[in-house]
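See below for the structure under consideration.
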Amino acid sequence: MATITTQAPAAVPVTEARPALWRRVPTGVLFTLPFLLFYAAFLIWPTISAFGLSFFNESLTGTRGELVGLRNWTEMLGDAAMWSALGNTLYFTVLSTPPLVLLGLVMALLTNRVMPLRWLWRLSFFMPFLLPASVMSLIWLWLYQPGFGLLNGALTSLGISEVGWLSDPSLAMISVVIATLWWTVGFNFLLYLAALQQIPEQLYEAASIDGAGWWQRLWSITLPMLGRTTGLVIVLQLLASLRLFDQAYLIYQGSGGPAFSARPVLEYVYDTAFTSFRFGYASAISSFFFVLIVVVSVTQLKLFPSRREDER
Amino acid sequence: MADGPPRPSRRAVLGAALALGTLTLAGCGGEGGTTKVRYWNLFGGGDGALMLTMQDEFRNNNPGIALEAVTLAWGAPYYTKLAMAAAGGRAPDVAVLHLSRLTGYAPGHLLDPFDEKLLAEFGVTRDQFPPGLIERATVDGRLYALPLDTHPFVMYYNTDIAQKAGLLGPDGKLAPISGPDALIDALTKAKQVTGAYGLALDNLDVMPWRLFWALYRQQDGDITLPAGGSVGIDDVKALKVLNFMGQLTAEGLATRNVDYPGAVATFAGGKAGFHWNGGWETATFTTAKMPYSMTRLPNIFGNARTSGDAHSFVLPHQRARDPITTRASYRFITELLKSSVTWGRAGHVPAYQPVVAEPAYLALKPQSEYRDVTPDVQLDPPAWFSGSGSDFENQAGSAFQRVLAGSLTPEQALAQFKAAVDKLLSTPSPV
């Protein structure tokens with residue numbers, strides 16, 4: 001692809017002396033330029049600007065906007081609601097990431113075999129991922145209802161007493177985790193399924209000839225060969241879980257759940273900025289959270305080196 | 001790459017995009033000579049359909065005005081969008097605002113005042129509205145909101161169940177209930193008929209606050225919110241309400257842990273004889289073809305006050321106001337106020353008093369049964385952080401719902417509420 005520009009014929013020798021500026025820019029940069037412009041305008045600049053705003057008592061109403069120094073930051077460090085919201089997000093991440101990765105793998109292993117109606121299984125596993133957050137939240141809201149909800153109905157018919165899925169502060173976030181599991185596991189499943197199909201068949205043949213059983217093939221071939229995918233899935237999953245907002249907001253209709261036990265930190269930022277109009281303070285919290293995410297990402301890069309020796 | 005299907009050239013694609021773009025733009029322009037009025041509201045329920053009817057009526061009567069109405073999702077998301085638009089100075093010409101939110105909307109910054117002389121030209125003056133609402137809509141002597149309605153927290157009842165429970169009077173209407181014991185008695189009888197619940201009550205979100213505020217105000221209780229200080233509340237009266245609320249769910253008289261759609265479904269499904277909610281669900285129950293009627297929230301603790309709010313029209317801040325558009329906007333607002341009989345069908349009580357006296361409104365049953373409620377409707381205590389869909393309501397709902405759930409004692413819930421409100425009071429005001 002890159003040869004196109006270098007082949008540009010020197011038909012007009014006059015321009016040879018001073019080639020147009022854009023011809024001297026590496027082609028790759030030109031191709032990514034549209035993206036880079038949007039990236040800078042809608043990601044890099046807002047990040048910098050939010051960091052700047054965190055030192056002002058900026059308000060949406062336009063009545064304030066004075067420099068307050070570190071006051072937002074000190075308020076944040078002493079804000080119990082912020083810490084509890086941050087704790088909620090971390091709790092969700094810890095609860096949701098392992099099952100989302102493991103179940104994705106198990107589902108991929110199950111449907112990677114020759115079986116009748118295999119397409120239907122694959123489709124069913126992946127389909128929930130295609131639902132918009134609002135639809136998925138509505139479905140689970142009804143499933144979790146006390147009295148006539150499907151889950152509580154099943155429990156009572158088994159003679160077990162009802163569970164306050166949406167009203168018990170100790171369960172509120174777990175309900176979000178379960179709903180999220182059903183909703184997004186399909187994506188990890190898809191990544192694993194694709195990776196499984198990349199594993200050369202000869203390896204299994206050779207192992208079979210050597211007398212390796214199903215378990216041994218799984219441990220010695222499949223899982224090691226999936227190593228890079230697992231690294232990728234975990235990174236993507238951790239970042240996705242830390243970004244928890246949509247489903248928690250929608251299931252509890254913006255209320256944060258019983259005793260705010262299901263309000264993630266991003267919802268707290270949203271509440272602060274857009275319900276209470278305190279842009280400056282909200283910027284301080286989001287900048288703080290941004291730093292946390294960067295730390296997590298960097299730690300992960302150290303723990304799971306992206307380049308392995310298996311690149312032949 | 002080369003053997004794919006033939007692709008359209010870049011020029012063709014660009015040309016098509018441009019042509020399409022121009023077409024769409026032309027579509028938005030409207031005919032020449034018309035004035036455009038942009039209007040935002042948050043009516044998505046049964047009342048939303050009636051608002052569409054009123055808008056169409058206005059369009060038919062005023063062919064020279066191009067009304068561009070947008071309905072957005074209720075609550076915090078709506079107020080976010082409205083504030084953002086007003087902060088940018090390019091807000092819609094007319095918007096709907098809960099009157100309780102006025103303080104937080106920084107009149108003068110996010111909202112522009114009404115020109116009362118111009119309003120009078122359209123035949124609308126402040127003395128045509130309930131004085132309590134006008135007082136709340138006035139800041140520094142200037143009128144910032146025109147109330148369209150009040151929408152109280154009311155009591156729906158299933159007429160079949162009430163009859164079987166022997167709760168109807170000789171006129172076929174619910175016999176008056178007064179005092180906590182009479183209420184408990186009525187709920188118990190209704191529960192015996194349904195075999196499930198007496199009262200369908202949304203336990204989550206802001207509904208516990210609405211119930212608390214109504215019953216607290218029935219005892220003449222006050223809440224004061226001094227900025228930077230701490231909340232003033234009468235503990236004895238508050239605990240009396242919370243104990244009563246806890247009793248309702250603990251004894252199985254009211255639904256427990258049920259959310260809004262769940263409570264509506266419980267009542268619509270005939271599993272409860274009574275339902276406490278805003279008046280706006282009439283359309284739902286009428287559609288469900290169930291035998292129901294509605295009345296005011298009973299006098300439980302001393303007077304007949306109830307909680308509620310008032311939808312009102314406001315002029316979101318614009319950097320430059322065009323006089324022609326402004327006149328058209330005033331025409332739109334005043335005509336909607338005058339045709340608010342239609343609005344009354346939604347269960348809201350029209351605030352424009354000439355309408356309340358119209359026979360067409362009086363003929364609306366059961367909606368007009370509680371039209372005398374207006375002076376008793378209690379809006380949230382005013383503060384920058386209170387009002388419909390606000391953090392204050394969210395905090396109060398969060399504290400009091402745990403009494404309904406039985407997971408906090410009334411004392412603990414009251415302490416949680418006070419701590420949360422104190423925190424709001426100590427928060428630097430963005431207004």
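Taken together, the residues in region B:160-198 that are aliphatic (A, V, I, L, M) and part of a loop (DSSP other than H, G, I, E, B) amount to 5. Of the helices (runs of 4 or more DSSP H) lying entirely inside region A:9-99, those containing at least 1 residues that are modelled with pLDDT of 90 or more and surrounded by 14 or more Cβ atoms within 10 Å (Cβ to Cβ) span A:45-53, A:71-77. Cβ-Cβ contacts under 6 Å between residues 6 or more apart (or on different chains), taken from a first residue in region B:53-74 that is touching a residue at least 40 places away in the same chain (Cβ under 8 Å) and over 15 Å from B:L337 (Cα atoms) to a second residue that is open to solvent by 40 Å² or more (accessible area, probe 1.4 Å) and in a helix (DSSP H, G or I), are listed as B:L67/B:R59.
The rows are residues; the columns are (1) within 11 Å of chain B (Cβ to nearest Cβ); (2) surrounded by fewer than 21 Cβ atoms within 10 Å (Cβ to Cβ); (3) in contact (Cβ under 8 Å) with a residue 24 or more places away in the chain.
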position	(1), (2), (3)
A:S255	yes, no, no
A:F260	yes, no, yes
A:R263	yes, no, yes
A:D271	yes, no, no
A:S276	yes, no, no
A:G280	yes, no, yes
A:S286	no, no, yes
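Residues that are within 14 Å of chain B (Cβ to nearest Cβ) and of a type outside the set (A, V, I, L, M, F, W, C) within region A:159-211 comprise A:S161, A:E162, A:G164, A:S167, A:D168, A:P169, A:S170, A:S175, listed in sequence order. If the condition is being within 13 Å of A:S276 (Cα to Cα), assigned to a helix (DSSP H, G or I) and open to solvent by less than 20 Å² (accessible area, probe 1.4 Å), then region B:376-399 contributes B:F392, B:E393. Once region B:267-301 is narrowed to residues that are over 20 Å from the mean Cα position of the chain (by Cα) and in a helix (DSSP H, G or I), the residue that is surrounded by the fewest Cβ atoms within 10 Å (Cβ to Cβ) is B:T287.
Look at (1) part of a loop (DSSP other than H, G, I, E, B); (2) within 27 Å of B:W74 (Cα to Cα); (3) open to solvent by less than 10 Å² (accessible area, probe 1.4 Å) and you find that B:G221 fails only one, number (2). One residue stands out in region B:81-120 among those that are among the hydrophobic types (A, V, I, L, M, F, W, C) and open to solvent by 40 Å² or more (accessible area, probe 1.4 Å): the one that is farthest from B:W343 (Cα to Cα), namely B:A87.
Count of region B:247-266 residues, restricted to those that are within 12 Å of another protein chain (Cβ to nearest Cβ), among the hydrophobic types (A, V, I, L, M, F, W, C) and either surrounded by fewer than 24 Cβ atoms within 10 Å (Cβ to Cβ) or assigned to a helix (DSSP H, G or I) (or both), is 3. The residues of region B:303-347 that are among the polar types (S, T, N, Q) and outside any helix (DSSP H, G or I), listed by number, are B:N303, B:T306, B:S307, B:S312, B:Q318, B:S339.
Can you spot a residue in region B:404-420 that is touching a helix residue (DSSP H, G or I) at 6+ places or on another chain (Cβ under 6 Å) and aromatic (F, W, Y)? The answer is yes; a qualifying residue exists.
As a summary of the residue check, B:K365 satisfies the conditions (1) crowded, with 17+ Cβ neighbours inside 10 Å; (2) of a type outside the set (A, V, I, L, M, F, W, C); (3) at negative phi except for the one numbered (1). Screening region B:400-423 for residues that are within 10 Å of chain A (Cβ to nearest Cβ) and free of Cβ contacts under 8 Å to residues at least 60 places away in the same chain and picking the one that is most open to solvent (accessible area, probe 1.4 Å) gives B:K423. Tell me, yes or no, whether region B:158-167 has at least one residue that is at pLDDT 95 or above and either assigned by TED's automatic domain parsing to the domain that holds B:G347 or touching a Ser or Thr at 6+ places or on another chain (Cβ under 8 Å) (or both). Looking for residues that are at pLDDT 95 or above and either assigned by TED's automatic domain parsing to the domain that holds B:G347 or touching a Ser or Thr at 6+ places or on another chain (Cβ under 8 Å) (or both), one finds at least one in region B:158-167, hence yes.
The values are calculated or read from the model by the stated rules, or taken from the named source; none is laboratory data. None of the values given here were measured: they were computed from a predicted structure. FYI the Cβ positions are ideal-geometry reconstructions off the backbone, even for glycines, and counts take in every protein chain you see. With ligands, DNA and RNA removed, areas are computed over all heavy atoms of the protein, side chains included. Shrake-Rupley method; radii C 1.70, N 1.55, O 1.52, S 1.80 Å.
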